[in-house]
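Working notes for the structure below.
Throughout, read-outs are computed from the coordinates displayed, never taken from laboratory work. Keep in mind that what you see is a predicted model, and the values were worked out from it rather than measured. Every residue, glycine among them, receives a Cβ derived from its backbone with ideal geometry; neighbour counts consider all protein chains shown.
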Amino acid sequence: GSRPLREAAGSTGPVWVLHGPEGGLTAQEEDAALAQGFAPASLGARVLRAETASVAALSQLVYG
C-alpha cells in the first residue's frame, strides 16, 4: 500500500511528484517510476482530476 504523501516525502531533500491521468498509470509506467527511485504515495481515498492532483500534492507537502 501507499503511504500518505507527506510521510513518504520525508523532511529533507528535494521532492519530485509524479502523477498520472485520472485512470492512473499503466503497469509499465509504474514499474519505470519505481526503477527510477519514486516511492508510491497517496493523496487520500478520493480520485482527483489530474490538474487538481498537482495542487493537492503541493498543499499536502507545504501544509501537511
>> Quick check: pseudo-label points 7 Å beyond the Cα along Cα→Cβ at Glu22 and Thr52, how many nm apart are they?
In response: 0.9 nm
>> Spelling out what I want: for every residue of the stretch 7-23, take phi, set θ = phi - 60°, compute 6.51 cos²θ - 1.76 cosθ + 1.60 (Karplus), and round to whole Hz; glycine and proline get x.
In response: 5, 5, 6, x, 10, 10, x, x, 10, 10, 10, 10, 10, x, x, 3, x
> Can you list residues whose amide H is under 5 Å from Ser42's amide H, if they're 5+ apart or on another chain and H is modeled 1.01 Å from N?
Replying inline: Arg3, Leu5
> With the contact rule set at Cα under 8 Å and sequence spacing of 6 or more, what percent relative contact order holds for the chain?
Replying inline: 53 percent
